[in-house]
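All remarks here apply to the structure that follows.
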Amino acid sequence: MGSFLMEEFVGNGALKELVPKLLEEGWDDVPTLKMMNTEDMEALKMTMQQKEALQIRAYLHDRALTQYGNKLEFSEKSLLELLALSTAALASQFGMRRGHIARFTDRTPACGGPIVMPPSHTLRSTARSLTELQSLSSKKMIPRSPNRTNNVSDGSLEQSIKVKEGQYVFKGIVAAQPAESRVCGCVQPPPIVDSVAPYSAIESISVQKLTPEYKVGMERLVKTKTPPMKASELWRDKPAVLLCIRRPGCIMCRAEAHQVYSRKPIFDALGFQLIAVLHEQIDSEVRDFWPRYWGGVVIHDRSMDFFKALGGGKLNKDKFITGFLLNPRAIANYKRAKAIGVEQNFKGEGEIKGGLFIVGSGKNGVAYQFIERNFGDWAPHAEIIEICTRLQKQQIGYEQQSTIQEP
């Protein structure tokens, strides 16, 4: 998986001179740029060379091979022509290593396939606003009944996902992968809570913002130390997906963060902001993590209260030996992350498990949470997007109903 730094993505080729125009037209982050279609390219009056460069670099980015971007682009070959080259040609002409050649020629998308916009949304092209996108999606929505309150915890959302999908069992709005016995049943997995954290457990948490949302040309970290703030200020006006990171140098945490942020255009269209929550602050680790693996806001939860909320009031912890080395599911999670080209280090505390919250705007509360039962468990992306879509529909329905009731 490639870096989300725009400078690294475009390299020194044909796209570099286009960056100012991309910024002006709103294509200011890598995930959105990668979803550009032919119509968008024509609107920007991109040359054939720039179109082919974008195709090559997006393909390399998906496979963590952006270091070859300049060489491949300067060859003046199309992506299809490059994929048709022999192993010997790729090695001799571009200095590609054997393992990298295997990754390059494997056309199977990493981690479950290409990222596409939901059918009810369109990717914003150039200056298209979020309001316009919501207007498009609202045409397919039914207004809410006037006797229902604007509260996502009214039970309708909870009832809607009390189903089984594959290996996931949803208990209301709390999700976690099922536990497996360890060492033939001799080691039992730590218990997890089976109820969603109350809003009161997270609204007053004191947090500190470490990074802004990434845009091209901005500083790598917040220069001046920002004062602590109440967590509720984060989602006062806009709902949020909060990814609680166990350790930003962890290979599995980085892979999860990368996969979630890769879907930023979808969350933008749904009106959600992306926030990563760290329980310890190591500046060098934050710099390595943002924006290479995550381009959203990063906050520091010094008291670890978000992590305690995931554990029902106490930290959800596991030991390295019993929780990882002797846990087949955790080992599988590690192999999944390693296979998609993620680097790692071992700095920081790594036994406090994370998870994910989806929080409605204002005081609407916690709509969903996912608990990292095994090291490296990810909340299913389709499930996250489904919950965000339902929240958006509820919010738009409420706003439409309020407009109708106005004298």
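Since every read-out is calculated from the coordinates, none of them should be taken as a lab result. Being a predicted model, the structure only gives us computed values, none of them experimental. As a convention, Cβ positions derive from the backbone with ideal geometry for all residues, glycine included, and neighbour counts pool all protein chains shown.
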Task: region 321-364 versus region 56-80: alpha-carbon centroid distance in Å - done: 30
TODO: Using a Förster distance of 51 angstrom, determine the FRET efficiency expected from the C-beta separation of ASP106 and SER402, and round it to 0.05.
DONE: 0.50
Task: Inter-site label distance for GLU386 and LYS21 at 7 Å from Cα along Cβ, in nm - done: 4.2
Open item on the list: Past 27 Å, Cα to Cα: identify those pairs from LYS215/LYS363; LYS317/LYS347; LYS264/LYS353; LYS264/LYS393, in the order given.
Closed with: LYS215/LYS363
- [ ] Could you please report the charge total around ILE202, scoring K, R as +1 and D, E as -1 over all other residues with beta-carbon less than 14 angstrom from its beta-carbon?
- [x] 0
Open item on the list: Could you compute the net charge surrounding ALA91? Neighbours are other residues with a C-beta less than 9 Å from the C-beta of ALA91; K and R count +1, D and E count -1.
Closed with: +2
Open item on the list: Are there any trypsin sites (Lys or Arg not before Pro) in region 36-101 that are in a DSSP loop and have at most 15 other Cβ atoms within 10 Å? List them by number.
Closed with: LYS45, ARG97
TODO: Could you please report the charge total around ALA339, scoring K, R as +1 and D, E as -1 over all other residues with beta-carbon less than 12 angstrom from its beta-carbon?
DONE: +4
- [ ] Highest first, please rank the peptides 192-198, 384-390 by the mean number of other Cβ atoms sitting within 10 Å of their residues.
- [x] 384-390, 192-198
